[in-house]
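The values are calculated or read from the model by the stated rules, or taken from the named source; none is laboratory data. The shown structure was predicted, so the numbers you read here are calculated from the model rather than taken from an experiment. Here the Cβ positions follow ideal geometry from the backbone for every residue, glycine too, while neighbour counts run over all protein chains shown. We work out accessible area using only protein heavy atoms, side chains counted, and drop any ligands, DNA or RNA first. Shrake-Rupley method; radii C 1.70, N 1.55, O 1.52, S 1.80 Å.
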Amino acid sequence: MKRKVGIIGAGHVGSDVAFSLVTQGICDEIILIDKVEAKAESEALELRDMSSMTHFHTAVTANDWEGLKEADVIIMAVGPETLLRQDRMEELVETSRSVAEIVPKILATGFKGIFVNITNPCDVITMLIQKITGFDHSRVFGTGTSLDTARMRRVVGEALHINPKSVEGYVLGEHGESQFVAWSTVKIGGVHITDYKTETTLDLPALKDTVRFGGWNILTGKGWTSFGIATATANIVGALLSDAKQVFPLAVFSEQTNTYIGQPAIIGANGVIDILEPTLTKEEQANFSNSAAVIRKAFDLL
């Protein structure tokens, strides 16, 4: 199988996703597409310049819409013109219009693969893509709270002075303001975070706020965020192309809430295999329901 990936949007995020895929040898071919064709061409050319210095070979081309027909995965990475917005929901009017124009063009090629959405507001736009395509929910999902979960692991790891890879658990709900850390799922080596021995008492509400505002702090400093979400997306694509049957916190369709929302899901070659529902506390379940209501309200306004 030729592992082929299409990336729609060659801005900071889309380009960094391509960079991650190329340097890790996750796929064999990438098609970069952007409304500014010269931008996609330039990014593709620079990625090809790297080819003699990487451990893997990846063919990179630009603006080949027809080539998307044979893609295994298409990544939606279209961004808004204005980036400095603290609430991702503020991007909805602009990004929903772009996606509504782009998706039919992709369908016209005969594409029958899997859509992975990054475009914000992630949960709402993922739901829009599924509605336009009519694809099964298993073949359309978003990066969801993958990045937020990675931030939580980093924050907890720094607070406990341990490697964030040793932190388990999830941020659930919207990839946005109504997200929450499901502390009931957070463990270190199987030990719940509230039982983990530390010299100082952990301030969980403060840690939650650090996680929640992590992206905003990066955004105000450098103007955009891309490394984290690009790495998360590359890992997701790798799991799809290798049929890894691996768990990620993604924006997937929840029958419980009738909306796309961030929660753990198992993915493989055919997309979402199963959606997991961790046992939550009453407060966490209320937060989950509230977050779903925020997402549904935004989608209904489209």
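A few comments on the model shown:
- Rg followed by Dmax, in Å, when segment 122-185 is reduced to its Cα trace: 14.6, 46
- Among the protein heavy atoms of segment 118-160, carbon and sulfur supply 45% of the accessible surface, probe 1.4 Å, non-protein parts ignored.
- Alpha-carbon centroid distance for the pair segment 144-203 / segment 53-72, whole angstrom: 36
- Taken about its Cα centre, segment 1-79 carries a charge dipole of roughly 160 debye when the Cβ of each Lys and Arg holds +1 and the Cβ of each Asp and Glu holds -1.
- For the chain, the longest site-free run once trypsin sites (Lys or Arg not before Pro) in DSSP loop states with at most 16 other Cβ atoms within 10 Å are removed: 113-196
- Solvent-free Debye scattering, log10 I(q)/I(0), computed from the Cα coordinates of segment 42-177 at q = 0.10, 0.11 Å⁻¹: -0.46, -0.55
- Whole-number percent relative contact order across segment 175-250, with pairs defined as alpha carbons under 8 Å at least 6 apart: 18
- Using the 1.4 Å probe convention, the accessible area of segment 1-136 works out to 45 Å² per residue with neighbouring protein chains retained.
- 3J(HN,Hα) from dihedral phi, segment 23-36, Karplus parametrisation 6.51/-1.76/1.60, rounded to Hz, x for glycine, proline: 5, 9, x, 6, 9, 9, 8, 10, 10, 9, 10, 8, 5, 8
- Accessible surface of segment 231-302, 1.4 Å probe, proportion on carbon and sulfur as whole %: 50
- Fluctuation leader among His161, His137, His12 - the chain, Gaussian network, Cα springs under 10 angstrom: His161
- Cα long-axis angle, helix 227-241 against the chain (0 to 90 degrees, to the nearest 10): 70
- Taking a ≥ b ≥ c as the square roots of the eigenvalues of the alpha carbon gyration tensor, segment 176-282 is oblate, as a/c is not under 1.5 and a/b does not beat b/c.
- With the charge dipole of the chain set up from +1 on Lys and Arg Cβ and -1 on Asp and Glu Cβ about the Cα centre, the Cα lying farthest toward the positive end among the listed residues Ala265, Asn117, Ile106 is that of Ala265.
- Distance between the pseudo-spin-label points of Glu81 and Lys197 (7 Å out from Cα toward the beta carbon): 5.9 nm.
- Hypothetical label at Ala244: residues of segment 1-42 whose amide nitrogen lies under 17 Å (7 Å Cα-Cβ projection): 3-5, 17-28
- Angle in degrees between helix 92-108 and the longest Cα principal axis of the chain, rounded to the nearest 10: 50
- Solvent-accessible surface of segment 150-302, taken per residue with a 1.4 Å probe and all protein chains present: 49 Å².
- Portion, in percent, of the accessible area of segment 24-81 that falls on carbon or sulfur, probe 1.4 Å: 50
- Under 5 Å, built H, 5+ apart or other chain: amide partners of Gly144: Ala251
- A Cβ-based charge dipole, computed about the Cα centre of segment 118-248 with Lys and Arg at +1 and Asp and Glu at -1, lands at about 240 debye.
- Degrees separating the helix 37-49 axis from the principal Cα axis of the chain, which is the longest one: 80
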